[in-house]
Structure formats: C-alpha cells, structure tokens
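All remarks here apply to the structure that follows.
Nothing in this text is a laboratory measurement; each read-out follows from the coordinates by a stated rule. Quick caveat: nothing in here was measured; it's all calculated off a predicted structure. Cβ coordinates were reconstructed from backbone atoms using ideal geometry, including for glycine residues, and neighbour counts include every protein chain displayed.
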Amino acid sequence: MKSRPFRVVDASDLGAAVRYFRTLAGLTQAELATRAGLHRSYLSELESGKTTEATERLLGLSSELGVRVTVDLKNHDVRLCVSVRLDLRGPRA
C-alpha cells in the first residue's frame with residue numbers, strides 16, 4: 001500500500017486518513033489507541049467519520065482562516081500540513 005496525502009474537509013475525510021495510515025502501519029485500532037493514549041472506541045468513532053468536538057474545532061478554524069488541512073505520511077510519521085490560501089479581496093462579510 002503506497003502512502004498518499006488526504007485533503008481533509010470534513011470528519012469523514014479525517015477518519016479515512018486515520019484508517020488508511022493505521023492500516024498502512026499494520027496496526028489494529030486497539031494497538032494504535034494504546035500507543036496514542038486514546039480509548040479504542042474513540043478511535044473507532046473517529047475512523048467512522050463521527051464528528052467530535054476536536055474535529056469540529058480543527059475544521060472550523062481551517063475554514064475561518066481560509067487554510068487547507070492535509071494529512072500526509074512522511075518518514076513513518078503522520079503530519080498535519082496546513083497550506084495557507086490568502087484571500088486578497090479583504091475580510092468576509
């Protein structure tokens with residue numbers, strides 16, 4: 001399975017990225033949850049695309065700031081890359 005970036009625009013995209021990279025790493029949900037200090041049930045909800053307070057905050061901030069959130073795998077680390085898109089037309093009304 002080859003690594004690929006995921007553009008994250010909603011909780012479903014974030015969940016798909018987490019599931020993809022977890023599977024790529026050969027980890028079960030329980031193994032990843034233990035390593036990350038999370039409950040397996042939370043990880044399951046995240047992978048299924050359930051919206052959580054944390055995902056709402058992340059996606060809300062990115063939307064208001066006009067940035068794109070991308071999850072990518074580099075050197076076996078999951079990194080959150082933020083690409084800034086500047087809107088030179090001024091503030092939103």
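For the stretch 46-64, residues that are assigned to a helix (DSSP H, G or I) and surrounded by 13 or more Cβ atoms within 10 Å (Cβ to Cβ) total 6.
When we screen Leu43, Leu38 for residues that are surrounded by 15 or more Cβ atoms within 10 Å (Cβ to Cβ) and of a type in the set (A, V, I, L, M), the only hit is Leu43. Among the residues of the stretch 14-32, the ones that are surrounded by fewer than 17 Cβ atoms within 10 Å (Cβ to Cβ) and either in contact with a Lys or Arg (Cβ under 9 Å, 6 or more places away or on another chain) or touching a residue at least 60 places away in the same chain (Cβ under 8 Å) (or both) come to 5 in all.
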